[in-house]
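The structure appears right after this line, and notes come after that.
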Amino acid sequence: MKTLLSALALVVGFAAAGVAEEASSRRVDFRNDLIPMFTKNGCNAGACHGAAIGRGGFKLSLYGGDPASDYEAIVRQRQGRRIHLLDPAGSLIYRKPAEYVQHGGGAVFEDQSESARLLLRWIEQGASPVSRRELVDVAITPAKHVSRSLDEPIALRAVAHYADGSTRDVTRWTIFKAEDASAVAVDPASATTRVLRPGRHIVIARYLNTVVPIELVVPLAESTIDLADEAQSNFIDQRVLESLAALGLSPSPVCDDATYLRRVSLDLTGRLPSPQQVRDFLDDDRADKRRVLVDRLLEGEAFQQYWTLQLAKLLRISPPQGDQQAAQAYHRWVADQVKRDASYRQLARTLILASGDTHVVGPANFYRTTTGPREQAEFVSELFMGSRLRCANCHNHPLDRWTQDDYHGLAAVFAKVEQGETVRPKPDGQTIHPRTLEPAAERIPGEFFLADSATDGRQQFADWLTDPANPYFAKAIVNRLWQRMMGRGLVEPVDDFRDTNPATHPVLLDQLAEDFIQHGYRLRRTLRLIANSTTYARSANATAENKDDDRFYSHALRRPLEAEVLADAISDVLGVADRYGDQPVGTRAVTLVSPATASPALDILGRCDRSGACESSSRSAGGLPQKLHLFNGDLLNARIAAEGGRLERLRLEGKRSMEVIQAFYLAALSRPPTNREREHWQTQLNGLGSHHARQAFLEDFVWGLLTCEEFVTNH
Amino acid sequence: MQRHEVCSRYLFAPSIVLGLTVALSVAATATEPPITAVTFTPDGQAVVAVSQAGMQVCSWPDLKRQRTSKASVPNLHCAAFSPDGQHLAIGGGYPAEDGSVELRSWPAGTPTAKLGDHDDSVRAVVWLDSSRLLSASADRQIRLWDMKTPRELVRVLQSHSRSVDALCLLEDGKTLVSAGVDQSVRVWDLETGALVRSMNQHTQGVHDLALRPGEGGLPMVASAAGDRTIRFWQPTIGRMVRYVRLDAMPMDIAWRSDGSQIVAACADGRIRVVDPEEVKVTETLDAIDGWAYAVAVHPHQNRVVVGGSDGQLKKVTIRSAGNADISVR
């Protein structure tokens, strides 16, 4: 064993001699040379020593986010056993990755590799923590590349810029990683990338703490298109059409009136238009009837109810520790804000600064949403900043600017709030920073520490957050409104804003936010803008050219109905109300205060329990259980022919079978049957002899209608 | 007037004023390995210090280097004299490969035996009597050796899930306390080899253990850990009596001979003197520029020797136990 070690040491000795010339030319810089080397080799990745608890008893900061602690881990901890200053090649930090000794991560680099030589040289030079240059920026080129064809090699380059004015090509120490490896191939050796699938793709470049997105575009159509003649209702259409033109995507045509009516009614009021409303709208021949419709919907009570639900979900309103009275007070306050079209900025400030008896002061329940200051910091950052500060709890955020100081600093602000039935300031409240084991200093995330920790830092946080120049606040909410209306956020997920997750339409997002600010932070203003755009009104039927588009809005996206909306829609179509706990008969699901209100239907349909963010639930509402229940369960089967229901009423009114079918089409799909459908159903009806058979057939027809894709989606 | 002085090993001008020597020591020792363990010789006239460079003996109190020697065991982490003062055990090894203990006669310092077979470095040694000792290793094992001819491995104690970094033998000679990276403090019955209990209040790895000197009452053991606490235990009944949280991570601890105070060498290069009854720091003194890994209290003087980063070895004078006002230097 020792003979082998001696031989290896000899080899390494030669290697060390070989790098002597390099050593004489430049000292190895721990922060600027060694940390990138560890990152490039994956040593400090989350799957290796960068994990929150490290690996094999050796912990590095994630992607080198904390060089000082990394230096301590490598040189100081464990009595310096990882470094052998007198025998660099005998250092554990070298022998493990070179796999002279067993290493859980296998062989990371070869003896003669640049990584090995760099590491040995640094130890030979005394394993110093000193960094002589301060990195100020990394320029990644290209920032954006548009190719006309697939598989074209694109050279990537990274140049580090230092405070002393010097620069250095750090391409070989930069990690380039495709967000979608099936769409983009990256060759680390040559630092080149190739797009494998048409569309817009992102490659993330990482060097030290800097992460930069590279946008790669290959048009989805081979030929360029001119969309200059496409209708434009407002700036939304202009920005979306610009994007479509760049991608060579032809948009779908605008949808018909019936489709638009159903879509906008569901989006703004969470309910289907009544058959009479459908008939009136289809008969209306005014040119601006869609704008009139939007205005009417925005002013109605149904809008208030539905958007109170949306805000209740956003704020995760739920009875804290079963305290129904508190939840009622909170819900009432939110409903009043929606009714008055209150400024969202003022709403946010009121919530952040709230205190008092939560049975009386509704917004004070904002501090009963979570169980502690850290959870509150996570909640607030996701809610009002669209940022996942939570990723910076255990380590600096690997893909964003947030540090542990930001996370625990904001938590320290909320630690000075007593969370209970009465919310009040708690001047001596504190939270412990896990790295220092000391009380965390209050901090505005990404900005500055608060000077006076004795005062309520919420005021300073609220001022900063709701300042018109704040880069997060307005964008976070308009992006959420866009997602509710369009089915996909401009930034998706909506609570994950960061440079490395860029918006699909950044200029549009900026304009929406600017418009929102300029018009008093009113939700209705932005919803109206979106609803009146041509982009919103496009058909959900994709064309052969744009069928692969799922994010550029060349066609409308089909979206599953939320559990509450679907439950109400079923009740409306069947004319049979569902029961929700001990609420009065006829209570609509969208008006329920508590997400825990007893309701087998809502459970099956996949309602959000508001214990966390609800934004993704509409995409996956119910899933297979929902479908099975719709097909086989009592949700439909026990109510289709119920006494007093629509089917029975139509029968008692003596409606003919085809009239019944047409009535249900209007109620469920907000349109009359097409000629082809009419012919189909007539043919079916003609084959039925007895009254009983027709009755059974109509029940089956209603069942089929309510389980079809067209009914359970907004499209 | 500062009260700490500098080892002569790396600084060759004994009369240099301290404020200057600290700065000089940084430059002069930039590539020296850290001192990992220190202990006073049985007569109290010298200090033994170990490191990756081997073993050195410095005279006391001037810390002039008397001799240095390479050891057959590389990367030394620990040193301990036998109760009769006739033997010195030094432990170390190749990280992640093997670990062993070298025995030397004392005061000659001649190697007499080597106890091997650990799969990772030996991190701590403790003598049971003048012919038996225990070694603890990063391989998670504690081994009990008997040096009577023929030498034999008597017992292997296993239950730690990570490196065992500290050992402490109670006065009864049959109860062992161990601790390490798995954050636990474990109590063993050496007669049976059974694990008696495991105490898990620490939230980071434990660096060192030290038995409080003195008689009467239940034995008390102090533990120093990465959670920046020193905790005081009554291991025979499994009770954590109290703890003190320091401003910096304690790496090594040593009791004053009368058991009135405990001295901690800390990661900020300072030593802290702690009153175990009041659980408060009574003195904080500069010692090492870097991390202080090792401390030993002179058996008869108000002085300690501290070892740490860059091969630094320092002498620091602490207040007498009866004059323990809080002070920071």
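The values are calculated or read from the model by the stated rules, or taken from the named source; none is laboratory data. Everything numeric in this text was worked out from a predicted model, so none of it was measured. Because the Cβ atoms are built from the backbone with ideal geometry, glycine has one as well, and the counts that use them run over all protein chains shown.
Looking at B:ARG143, is it in contact with a Ser or Thr (Cβ under 6 Å, 6 or more places away or on another chain) and at pLDDT 95 or above? In short, yes.
The residues of the stretch A:523-573 that are within 26 Å of A:ALA476 (Cβ to Cβ), in a helix (DSSP H, G or I) and at pLDDT 95 or above, listed by number, are A:LEU523, A:ARG524, A:ARG525, A:THR526, A:LEU527, A:ARG528, A:LEU529, A:ILE530, A:ALA531, A:GLU564, A:VAL565.
Among the residues of the stretch A:317-344, those identified as touching an Asp or Glu at 6+ places or on another chain (Cβ under 9 Å) and not in a helix (DSSP H, G or I) are A:SER318, A:ASP323, A:ALA342.
For the stretch A:122-144, the count of residues that are in contact (Cβ under 8 Å) with a residue 24 or more places away in the chain, surrounded by 22 or more Cβ atoms within 10 Å (Cβ to Cβ) and assigned to a loop (DSSP other than H, G, I, E, B) is nonzero.
Restricting B:ASP258, B:ASP252 to residues that are within 20 Å of B:VAL38 (Cα to Cα) and assigned to a strand (DSSP E or B) narrows the list to B:ASP252. Per the listing B:SER130, B:SER82, B:SER72, the residue uniquely more than 19 Å from B:SER163 (Cβ to Cβ), more than 18 Å from the chain's Cα centre (by Cα), of a type in the set (Gly, Ala, Ser) and more than 12 Å from every other protein chain (Cβ to nearest Cβ) is B:SER130.
Tally time: how many residues in the stretch B:100-124 are out of contact with any Lys or Arg (no Cβ under 8 Å at 6 or more places or on another chain) and outside any loop (DSSP other than H, G, I, E, B)? Here the count works out to 7.
Within the stretch A:111-141, if we keep just the residues that are more than 30 Å from A:ARG55 (Cα to Cα) and in contact with a Leu (Cβ under 8 Å, 6 or more places away or on another chain), the residue that is nearest to the other protein chains (Cβ to nearest Cβ) turns out to be A:ILE140.
Comparison of B:ARG231, B:ARG212, B:ARG256, B:ARG242 shows that the only residue that is farther than 22 Å from B:ALA296 by Cβ and either of a type in the set (Asp, Glu) or modelled with pLDDT of 95 or more (or both) is B:ARG242. Checked against (1) assigned to a loop (DSSP other than H, G, I, E, B); (2) of a type in the set (Phe, Trp, Tyr); (3) farther than 30 Å from A:ARG551 by Cβ, A:PHE461 passes all but a single condition, namely (1). State whether one or more residues within the stretch A:450-457 are part of a helix (DSSP H, G or I) and either farther than 30 Å from A:LEU561 by Cα or β-branched (Val, Ile, Thr) (or both). Among the residues of the stretch A:450-457, at least one is part of a helix (DSSP H, G or I) and either farther than 30 Å from A:LEU561 by Cα or β-branched (Val, Ile, Thr) (or both), which makes the answer yes. A:ARG194 falls short on exactly one of the conditions (1) among the basic types (Lys, Arg); (2) buried (at least 20 other Cβ atoms within 10 Å of the Cβ); (3) at pLDDT 95 or above, and that condition is (2).
Among the residues examined, A:ALA221 does not qualify as surrounded by fewer than 20 Cβ atoms within 10 Å (Cβ to Cβ), within 23 Å of the chain's Cα centre (by Cα) and either of a type outside the set (Phe, Trp, Tyr) or over 25 Å from A:LEU135 (Cα atoms) (or both). Within the stretch A:90-110, the set of residues being at the interface with chain B (Cβ under 9 Å from one of its Cβ atoms), touching a residue at least 60 places away in the same chain (Cβ under 8 Å) and either in a loop (DSSP other than H, G, I, E, B) or touching a Gly at 6+ places or on another chain (Cβ under 8 Å) (or both) comprises A:TYR100 only.
Being in contact with a Ser or Thr (Cβ under 9 Å, 6 or more places away or on another chain) and more than 11 Å from chain B (Cβ to nearest Cβ) narrows it down to one of A:GLY57, A:GLY80, A:GLY64, A:GLY46, so name that one. Matching residue, one of A:GLY57, A:GLY80, A:GLY64, A:GLY46: A:GLY64.
In the stretch A:228-241, of all residues being buried (at least 20 other Cβ atoms within 10 Å of the Cβ) and of a type outside the set (Lys, Arg), the one that is farthest from A:PHE516 (Cα to Cα) corresponds to A:LEU241.
Applying the criterion of being crowded, with 18+ Cβ neighbours inside 10 Å and part of a loop (DSSP other than H, G, I, E, B) to the residues of the stretch B:275-288, the residue that is farthest from the chain's Cα centre (by Cα) is B:PRO276.
The residue that is modelled with the lowest pLDDT, counting only those in the stretch A:147-166 that are loosely packed, with under 14 Cβ neighbours inside 10 Å and closer than 25 Å to A:ALA246 by Cα, is A:ARG148. Within the set A:ASP70, A:ASP29, A:ASP87, the sole residue that is away from every other protein chain (no Cβ under 12 Å) and more than 37 Å from the chain's Cα centre (by Cα) turns out to be A:ASP29.
Scanning the stretch A:348-388 for residues that are among the polar types (S, T, N, Q) and farther than 30 Å from A:PRO398 by Cβ yields A:THR350, A:SER355, A:THR358, A:ASN365.
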